[in-house]
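Below is one structure, written out as structure tokens, with a few remarks after it.
The values are calculated or read from the model by the stated rules, or taken from the named source; none is laboratory data. Computed from a predicted structure; not experimentally measured. So basically every Cβ, Gly included, is an ideal-geometry build from the backbone, and we count neighbours across all protein chains shown.
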């Protein structure tokens, strides 16, 4: 029954997102598969955090779209999320959910909160940071960068990252209390675990974006972009590892945030449990 409920709920959410042009066809299919697993193999805790991330991120992406267009022109993928973007944001969480299904253990929960806090923090930072009136600065050199450049950070975006990560940590504590499942760790500790894990994970994302993420130069307008084409023409790679696109950066930063949140929860369990 849980698998059926998960499938129905995932179809409704993915269908609405597809209709609102938040997901492409492949993205909707991936979201249905992922949502089904999150609820079928997990419960409301797993599905609820995934849903909270997706809904809030989709809503924020629609805020002041006209003002974000210039920044979005530099991203590898914009607008409707495809299957790879869906998996990059929720794939690690799905693996953790399945891990707990087959081999129940507290570590899956701790890492999951950090992963979801990271993808939420990163998305919120991107959506709100792109609306900043001041140009972002490189996380490595602290020099001003054009809006939308990978590796750029801003005060507004950083604040949004902290709030988004903290929201996931708080929601995780509430859902665990509500469902009565999960590790026997202090409920309050999930809040700092999510906030710190997600915020650090988001900054790891920015650091990777500024150092090893592959970037291209548009031969028409001269802009630094993430995509292989721009202004209708092929772009030229000028830095970064060829395979390290934005999806891989998201996966690695999520792993970092998940690892930190897990360490925080383990320490809280030992010291205050």
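Being touching a strand residue (DSSP E or B) at 6+ places or on another chain (Cβ under 7 Å) and farther than 30 Å from residue 111 by Cβ is the filter; apply it to region 230-253 and report the residue that is surrounded by the most Cβ atoms within 10 Å (Cβ to Cβ). By that ranking, first place goes to 235. Among the residues of region 237-251, the one identified as more than 19 Å from residue 149 (Cβ to Cβ) and assigned to a helix (DSSP H, G or I) is 251.
In this structure, does residue 96 turn out to be buried (at least 16 other Cβ atoms within 10 Å of the Cβ), part of a helix (DSSP H, G or I) and modelled with pLDDT under 95? Full working, then the answer.
Working: buried (at least 16 other Cβ atoms within 10 Å of the Cβ): yes; part of a helix (DSSP H, G or I): yes; modelled with pLDDT under 95: no.
Against the criterion (buried (at least 16 other Cβ atoms within 10 Å of the Cβ), part of a helix (DSSP H, G or I) and modelled with pLDDT under 95), residue 96 does not qualify.
For region 182-205, the count of residues that are out of contact with any helix residue (DSSP H, G or I) (no Cβ under 7 Å at 6 or more places or on another chain) and within 15 Å of residue 120 (Cα to Cα) is nonzero. So, of the residues in region 200-222 that are free of Cβ contacts under 8 Å to residues at least 40 places away in the same chain and part of a strand (DSSP E or B), which turns out to be nearest to residue 260 (Cα to Cα)? For region 200-222, the residue satisfying everything is 216. Test residue 178 against the stated conditions and say whether it is touching a residue at least 24 places away in the same chain (Cβ under 8 Å), crowded, with 21+ Cβ neighbours inside 10 Å and more than 18 Å from the chain's Cα centre (by Cα). Answer is no for this residue. When region 142-151 is filtered for residues that are free of Cβ contacts under 8 Å to residues at least 40 places away in the same chain, surrounded by fewer than 17 Cβ atoms within 10 Å (Cβ to Cβ) and either within 17 Å of residue 223 (Cα to Cα) or in contact with a helix residue (DSSP H, G or I) (Cβ under 8 Å, 6 or more places away or on another chain) (or both), the ones remaining, listed by number, are 143, 144.
Of all residues in region 223-236, those satisfying the criterion of being farther than 29 Å from residue 167 by Cβ and assigned to a loop (DSSP other than H, G, I, E, B) are 223, 227, 228, 231, 232, 235.
Of all the numbered requirements in (1) surrounded by 18 or more Cβ atoms within 10 Å (Cβ to Cβ); (2) modelled with pLDDT of 85 or more; (3) part of a helix (DSSP H, G or I), residue 71 misses one, and that requirement is (2). Would you mind stating whether residue 222 is surrounded by fewer than 15 Cβ atoms within 10 Å (Cβ to Cβ), closer than 24 Å to residue 41 by Cα and modelled with pLDDT under 90? It is false that residue 222 is surrounded by fewer than 15 Cβ atoms within 10 Å (Cβ to Cβ), closer than 24 Å to residue 41 by Cα and modelled with pLDDT under 90.
So is residue 31 surrounded by fewer than 21 Cβ atoms within 10 Å (Cβ to Cβ) and either farther than 21 Å from residue 116 by Cα or modelled with pLDDT of 90 or more (or both) or not? Give the steps one after another, and end with the answer.
Details: surrounded by fewer than 21 Cβ atoms within 10 Å (Cβ to Cβ): no; either farther than 21 Å from residue 116 by Cα or modelled with pLDDT of 90 or more (or both): yes.
Answer is no for this residue.
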